[in-house]
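Here, each number is a calculation from the coordinates, and none is a lab measurement. Because the structure is a prediction, the values reported are computed rather than measured. Virtual Cβ from ideal backbone geometry, glycine too; neighbours counted across all protein chains shown.
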Amino acid sequence: MKKFLVTLLSVMSFATALPAFAGPDWQIIEHGRKVKAERMRQEQAQRTQDEQQKTLQLPGNQTDKEQMIKACMEMMNKSKQQADH
């Protein structure tokens, strides 16, 4: 009975410790890499978008934008005047 009990305890302790010897879980590691790569892509896209917005908000670009709006308004007024005639 004593040998059986020792054998049973040995088998149970070995079975409990077996996952520690199994090694890394490659699926979890690959999933983590994919998540990290996606986050980096999103951060890069956000940085690019922020840079584009900053570029549009520069004073020189603002005057260009205002000139373009003014030109468009003038063209619209001309086309309305021609339609009235």
(message) Hydropathy at least 0.0 by Kyte-Doolittle, axial extent at least 27 angstrom from the Cα trace: which helices of the chain, defined as entire DSSP H runs, fit?
(response) 2-21
(request) Would you count, across the chain, every pair of lysines whose alpha carbons are under 27 angstrom apart, provided the pair is eight or more residues apart or spans two chains? (result) 7
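Determine how many Å³ per residue the convex hull of the Cα atoms of the chain encloses.
Values: hull volume 13.0 nm³, N = 85.
Output value, Cα hull per residue: 153 Å³.
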(message) Using +1 at the C-beta of Lys and Arg and -1 at the C-beta of Asp and Glu, which of Met1, Val35, Thr63 has the Cα lying farthest in the positive direction of the dipole of the chain?
(response) Met1
